[in-house]
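Here's the structure, in structure tokens; my notes come after.
The values are calculated or read from the model by the stated rules, or taken from the named source; none is laboratory data. Keep in mind that this is a model prediction, so the values were computed, not measured. A quick note on method: Cβ atoms are made from the backbone with ideal geometry, for glycine too, and the neighbour counts reach across all protein chains shown.
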Amino acid sequence: MAAFEVRVPDIGDFKDVPVIEVLVKPGDSVKKDDSLLTLESDKATMEVPAPSSGTVKTILVKVGDKVSEGVAILTFEGDAAAKAEAPATKAAPPQPKAPPAPQAAAPAAAAAQPAASAAPIAPAPALAAPDSGTPPHASPGVRRFARELGVEVAKVSGSGPKGRILKDDIQNFVKQALSGGAAPSAAARAGGMSDLGLPAWPKVDFAKFGPIETKPLTRIQKISGPALSRNWVMIPHVTQFDEADITELEAFRAKVNEENAKSGVKITPLAFLIKAVVAALKKYPTLNSSLDGDNLVVKQYWNIGFAADTPNGLVVPVVKSADQKGVIEIAIETSDLAAKAREGKLGPADMQGGTFSISSLGGIGGTAFTPIVNAPEVAILGVSKAAMKPVWNGKEFAPRLMMPLSLSYDHRVVDGALGARFTSFLAQVIADLRRGML
Ligand code: COA
């Protein structure tokens, strides 16, 4: 055993390649070919393997550093002979990186928009293939994907070359876990647990206790159910509640509807809500974004989905470019989309491209609820039934029509303070739509 520096091997024509992951820390014992660190150029992802079995002493680089062939990345105590004969391992020809995994379809919107099947990310051209017997390898992109979903890579079986774990393997693992642990590990089975460490789903013969009727789930329920479960489990939700004073807005809406009575167009609160939401999203663009690995993709278009209740289940048609449309135009569009939804005639294009969703239960009832974020969006607004309330105006209690708002957001992206600022501003805009024009 001798101490020596491990350097970046031959990585072809690449220079100044960023370090995106340091996979070891001082004191770690590694086996020959275990990955030490990951480099990612704009064309390929590469892992630098350990030259021999040994111990990591010090790390000489950090995430974000740019390195080229020959740069020392860590000091290592191992087989000096291996060092001597482990020169520049030739990197596998860089494979073009796969396009980013399509974000899985929105849960409810998934009805006629099944999650696009994700193209497996091309396995990283690792600089050295693992020995058989070493834990299965996964590319950094796949490992990152697994981390985002809370999956331990070690528990996943790889279906790629040499047991490499592919993105599909992670997705299948999650699907199985969500469907009640369809393929639990032997140990988990023995203990009656799913791979998520949860007890198996209870199996009860309901007919033993009384008459039953078994109905198959609708197509929409079958598609949206797993997506809703995924979003509920994977997204750290927080729900912020607020109230908007819609006394003036409702008086205005009644007046406009009266004036337009002959046109046959009826404006419901939803159309105003969509406009107000766009104004709030423009002020707080973080809520109009999606997470993509370590990046936040902030959209500069405002496509607002709204949950529509149909006999077959929930769907989320999308009003595109809502910022460029007037309230009457939006009212016509939501009414047309809701009618299409009820008739089961929405096409995939009607439900794609949303940047934020509204779930309005105001026409039905309730005082508040906690909607599930419609991934890959990061926030959803729940709206409940407006009610007259005594509101203190500084001198007296005045009767005001108050509409409850429930904003659920992905806490990885939206902080509590931002969530509260958003709902508070939204309530102000709803109370006086002129604020949305400022
Ligand atoms: N408070 C009080 N009344 C409200 C309201 C609110 N927040 N929102 C709507 N209303 C009223 C409307 O003004 C209308 O009353 P009116 O006929 O006296 O004018 C009535 O409720 C019915 O409105 P609705 O037909 O529901 O229109 P809408 O534009 O508000 O909603 C849909 C359209 C498609 C959103 C709605 O029909 C729907 O499907 N909602 C359910 C969504 C859902 O299931 N969400 C749950 C997701 S988990």
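The residue pairs whose first member lies in the stretch 52-66 and is surrounded by fewer than 16 Cβ atoms within 10 Å (Cβ to Cβ), whose second member is not in a strand (DSSP E or B), and whose beta carbons are closer than 6 Å, counting only pairs six or more residues apart or on different chains, are Ser53/Lys31; Ser53/Lys32; Thr58/Pro26; Lys66/Asp16.
Exactly one residue out of Val429, Val391 is at pLDDT 95 or above, in a helix (DSSP H, G or I) and over 22 Å from the mean Cα position of the chain (by Cα), and it is Val429. Hey, could you check the stretch 346-369 for residues that are within 14 Å of the ligand (Cβ to nearest atom) and loosely packed, with under 15 Cβ neighbours inside 10 Å and say which is nearest to Ala244 (Cα to Cα)? Looking at residues that are within 14 Å of the ligand (Cβ to nearest atom) and loosely packed, with under 15 Cβ neighbours inside 10 Å, I get Thr367. Of all residues in the stretch 216-224, none are aliphatic (A, V, I, L, M) and at pLDDT 95 or above.
Entry remark, the stretch 381-420: residues being basic (Lys, Arg) and either within 16 Å of the ligand (Cβ to nearest atom) or crowded, with 16+ Cβ neighbours inside 10 Å (or both) number 3 in total. Quick check: anything in the stretch 240-249 under 21 Å from the mean Cα position of the chain (by Cα) and either within 12 Å of the ligand (Cβ to nearest atom) or assigned to a strand (DSSP E or B) (or both)? Yes, because at least one residue in the stretch 240-249 is under 21 Å from the mean Cα position of the chain (by Cα) and either within 12 Å of the ligand (Cβ to nearest atom) or assigned to a strand (DSSP E or B) (or both). Regarding Lys325, is this residue away from the ligand (no atom under 13 Å from the Cβ) and touching an Asp or Glu at 6+ places or on another chain (Cβ under 8 Å)? Against the criterion (away from the ligand (no atom under 13 Å from the Cβ) and touching an Asp or Glu at 6+ places or on another chain (Cβ under 8 Å)), Lys325 qualifies.
In the stretch 264-282, the qualifying residues are those that are near the ligand (Cβ under 10 Å from one of its atoms) and β-branched (Val, Ile, Thr), and the one that is modelled with the highest pLDDT is Ile274.
Taking the criterion of being aliphatic (A, V, I, L, M) and surrounded by fewer than 16 Cβ atoms within 10 Å (Cβ to Cβ), the residues of the stretch 257-297 that qualify are Ala261, Val265, Leu296, Val297.
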